[in-house]
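Notes follow once the structure below has been shown.
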Amino acid sequence: SQQGEEDPQALSIQEGENATMNCSYKTSINNLQWYRQNSGRGLVHLILIRSNEREKHSGRLRVTLDTSKKSSSLLITASRAADTASYFCAYVASNDYKLSFGAGTTVTVRA
Amino acid sequence: GAVVSQHPSWVICKSGTSVKIECRSLDFQATTMFWYRQFPKQSLMLMATSNEGSKATYEQGVEKDKFLINHASLTLSTLTVTSAHPEDSSFYICSARRSGNPYEQYFGPGTRLTVT
């Protein structure tokens, strides 16, 4: 499955700061999802944004989607040490049902 | 709801042996399950899609004779790594999709396979 690209690859911030990561893809999509993965663990679903949506919020998370630029961003506000993890975007192409994952962004939140 | 379990959570085996990994949907029926592979510090790569009662569909480059997938019931799929070699060492993650909701997948906690 074709992978999306994410940047930055890694991000280190101080507790309380915001963290922003971006995801780009190359095909038409039905929806785009963001997942969190703690080291050596499974994936936790964070948020799903449909292709006809531009922005979505969930607690301290804000996701945007720009289908014209084929990109999405995930913002974590007021970060906490517990937010330290890898974050992956994953999209479902318009004519498909499979998830294609981005390369991931590793976020480290320093206390 | 929508809990997926995997067993075992980690396994060490010797080169040449086979290893079976189970993926179960605990509180829902999963018409489709997916198997992913993740190397250290890398993303998830889809290996195969398995539908209950039918043969799995493998992604390009994945050897179906090496990675045997069986989806015998609506709550259980198994991945057997046959004649394992050190290069098969990886993190294997399954996910399950509920019938009627094609876009959301629920992920298991993963199985760490180490082949010595």
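Report the GluC sites (Glu not before Pro) located in segment B:1-84 that are in a DSSP loop and have at most 13 other Cβ atoms inside 10 Å of their Cβ, or state none.
Those that pass, being in a loop and sparsely packed, are B:Glu63.
At a 1.4 Å probe, what is the % contribution of carbon and sulfur to the accessible area of the protein assembly as shown?
Percent of accessible area from carbon and sulfur atoms in the protein assembly as shown: 47.
Using a 1.4 Å probe on the heavy atoms of the protein chains only, list every residue of segment A:90-108 that has 30 Å² or more less accessible area in the complete assembly than in its chain alone.
Flagged in segment A:90-108: A:Tyr97, A:Lys98, A:Leu99, A:Phe101.
State, as an integer percentage, the relative contact order of segment A:72-111 based on alpha-carbon contacts under 8 Å between residues 6 or more apart.
It rounds to 46 percent for segment A:72-111.
Ignoring ligands, DNA and RNA, what accessible area per residue does the protein assembly as shown give at 1.4 Å, in Å²?
Dividing the accessible area of the protein assembly as shown by its residue count gives 48 Å².
With the Cα gyration tensor of segment B:17-77 in hand, convert its eigenvalues to equivalent ellipsoid semi-axes via √(5λ) and list them largest first in whole Å.
Gyration-tensor ellipsoid for segment B:17-77: 20, 14, 12 Å.
Regarding chain B, what's the average projected area of the Cα-atom convex hull, expressed in nm²? Can you show the working numbers first?
Values: hull surface 27.1 nm².
Dividing the Cα hull surface by four gives the mean projection, 6.8 nm².
Taking a ≥ b ≥ c as the square roots of the eigenvalues of the Cα gyration tensor of the protein assembly as shown, is the shape rounded (a/c under 1.5), prolate (a/b larger than b/c) or oblate? Write down the numbers at each step before the final one.
Working: a/c = 1.90, a/b = 1.44, b/c = 1.32.
Cα axes put the protein assembly as shown in the prolate bin.
What cysteines in the protein assembly as shown have no other cysteine with a beta carbon less than 4.7 Å from their beta carbon?
B:Cys13
Could you work out the Kirkwood radius for segment A:57-111, taking every pair of different alpha carbons, averaging 1/r and inverting it, reported in Å?
Evaluated over segment A:57-111, this radius sits at 12.9 Å.
With the cut-off at 26 Å, tell me which of the pairs A:Lys98/B:Lys66; A:Lys26/A:Lys98; B:Lys20/B:Lys64; A:Lys26/B:Lys55; A:Lys70/A:Lys98; A:Lys69/A:Lys98 have Cα atoms farther apart than that.
A:Lys26/B:Lys55
Roll a 1.4 Å probe over the protein heavy atoms and report the accessible area of A:Leu43 in Å², nearest 10.
It works out to around 20 Å².
Report the convex hull volume per residue for chain A, counting only C-alpha atoms, in Å³. Before the final figure, lay out the partial values.
Numbers: hull volume 10.0 nm³, N = 111.
Residue-normalised Cα hull volume stands at 90 Å³.
What is the calculated FRET efficiency for A:Glu55 to B:Lys64, with r their C-beta to C-beta distance and R₀ = 35 Å, to the nearest 0.05?
0.25
Between chains A and B, what is the buried accessible area in Å², counting both sides, with a 1.4 Å probe and ligands, DNA and RNA left out, to the nearest 100?
On the way: alone 6060 and 6450 Å², together 10860 Å².
Counting protein atoms only, the buried area is about 1700 Å².
Please compute the Kirkwood hydrodynamic radius of segment A:1-50 from all pairs of different C-alpha atoms, in Å with one decimal. Kindly include the intermediate steps, with their values, before the conclusion.
Details: mean 1/r = 0.0765 Å⁻¹.
Computed over segment A:1-50, the radius equals 13.1 Å.
Just in segment B:39-116: which chymotrypsin sites (Phe, Trp or Tyr not before Pro) are loop by DSSP and have at most 14 other Cβ atoms within 10 Å? Before the final figure, lay out each step's value.
Numbers: sites: B:Tyr58, B:Phe67, B:Phe91, B:Tyr92, B:Tyr103, B:Tyr106, B:Phe107; in loops: B:Tyr103.
Here the chymotrypsin sites (Phe, Trp or Tyr not before Pro) that fit, given the DSSP loop and packing criteria, are B:Tyr103.
Across chain A, where is the longest run that never hits trypsin sites (Lys or Arg not before Pro) in a DSSP loop with at most 15 other C-beta atoms within 10 Å?
Numbers: sites that count: A:Lys26, A:Arg54, A:Arg60, A:Lys69, A:Arg80.
Result for the longest clean stretch: A:81-111.
The values are calculated or read from the model by the stated rules, or taken from the named source; none is laboratory data. Not measured: the values here are computed from a predicted model. A quick note on method: Cβ atoms are made from the backbone with ideal geometry, for glycine too, and the neighbour counts reach across all protein chains shown. The protein model used for the area step is the full one, side chains on, heavy atoms only, and it has no ligands, DNA or RNA in it. Shrake-Rupley method; radii C 1.70, N 1.55, O 1.52, S 1.80 Å.
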